[in-house]
Amino acid sequence: MAPIAVGDVIPDGNLAYFDESDQLQTVSVHSLAAGKKVVLFAVPGAFTPTCSMKHVPGFVEKAEELKSKGVDEILCLSVNDPFVMKAWAKTYPENKHVKFLADGSATYTHALGLELDLSEKGLGTRSRRFALLVVDLKVKVANIESGGEFTVSGADDILSAL
């Protein structure tokens, strides 16, 4: 399957997360993004060095600036289970706007065409690192990394496109 690209409508799919009451929830991507301006960014894995020290902190730190430019939702996706995503989210106590969403079986990642096979490293199927700017379900910006790079999918890259 070809990777999602500018002009495409994002596929619908269900992702899991823990709400403010610590209850496990399932949410459809379209319910989060329909009629809104959304940043959907993904990382290969929770608690991994680049993801934890660079990618996620950038979106946490720049969340207010993104919101001031009309972004309604900032969604962090990873091929991890919701319990891992909940624990990882707690490592960012300053976070007020980034939602941590679990794609435990990589079903949504496959629907986007952005899976990354890290079996050689013992990590199985993961997501490529990327950041999408989506307006009313349509991709306006698709910053997709090659391999393990982190050069085009940061918060500043999305801000410069707004």
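Over the residues of the chain, the helix contribution to mean residue ellipticity at 222 nm works out to -5500 deg cm²/dmol, using -39500 (n - 2.57) for each DSSP H run of at least 4. Shown here for region 33-134: GluC sites (Glu not before Pro) in loop regions (DSSP other than H, G, I, E, B) with at most 11 other Cβ atoms within 10 Å, namely E94.
Given a 1.4 Å probe and every protein chain left where it sits, what share in percent of the accessible area of the chain is carbon and sulfur?
Its accessible area is 50 percent carbon and sulfur atoms.
Once the Cβ-Cβ distance between A161 and S105 is put in as r, and R0 is 30 Å, what FRET efficiency do you end up with, to the nearest 0.05? Approximately 0.45, to the nearest 0.05. Gap in Å between the Cα centre of region 104-131 and the Cα centre of region 12-79? Answer, in whole Å: 16. Build a GNM of the chain with springs between Cα atoms under 10 Å apart, and of G148, G13, G45 the one that fluctuates most is G148.
Taking the charge dipole of the chain about its Cα centre, with +1 at Lys and Arg Cβ atoms and -1 at Asp and Glu Cβ atoms, the residue from L32, S21, V141 reaching farthest to the positive side is V141. Shown in residue order for region 13-26 are the 3J(HN,Hα) couplings computed by the Karplus curve 6.51 cos²θ - 1.76 cosθ + 1.60 at θ = phi - 60°: x, 9, 10, 10, 7, 9, 7, 4, 8, 6, 9, 5, 10, 10 Hz (x for Gly and Pro). Ordering A131, M1, T48 by the projection of their Cα atoms onto the charge dipole of the chain, which places +1 on the Cβ of Lys and Arg and -1 on the Cβ of Asp and Glu, puts A131 at the extreme positive end. In the elastic network of the chain, a GNM with C-alpha springs shorter than 10 Å, the most mobile of F59, F130, F18 is F18. For the chain, the solvent-accessible area with a 1.4 angstrom probe is 47 square angstrom per residue. Separation of the alpha carbons by more than 23 angstrom is noted, of K54/K90; K36/K67; K90/K121; K37/K90, for K90/K121; K37/K90. Look at the dipole of region 64-117 built from charges on Cβ: of Y108, L75, H97, the Cα furthest out on the positive end belongs to H97.
Where a ≥ b ≥ c are the square roots of the eigenvalues of the C-alpha gyration tensor, would you call the chain rounded, which needs a/c under 1.5, or, failing that, prolate if a/b is larger than b/c, or oblate? Verdict is rounded for the chain. A simple spin-label model places the labels of K138 and E120 4.0 nm from each other, with each point 7 Å out along Cα-to-Cβ.
Nearest 0.05, what FRET efficiency do S21 and E149 give at R0 = 35 Å with Cβ-Cβ as r? Step by step, r from the Cβ atoms, then E = 0.40. For region 1-123, a simple Cβ point-charge model (Lys and Arg +1, Asp and Glu -1, everything else neutral) yields a dipole of about 300 debye relative to the Cα centre.
The values are calculated or read from the model by the stated rules, or taken from the named source; none is laboratory data. Values in this document were obtained by computation on a predicted structure and should not be read as measured data. As a convention, Cβ positions derive from the backbone with ideal geometry for all residues, glycine included, and neighbour counts pool all protein chains shown. Note: areas computed on protein heavy atoms with side chains; ligands, DNA, RNA excluded. Shrake-Rupley method; radii C 1.70, N 1.55, O 1.52, S 1.80 Å.
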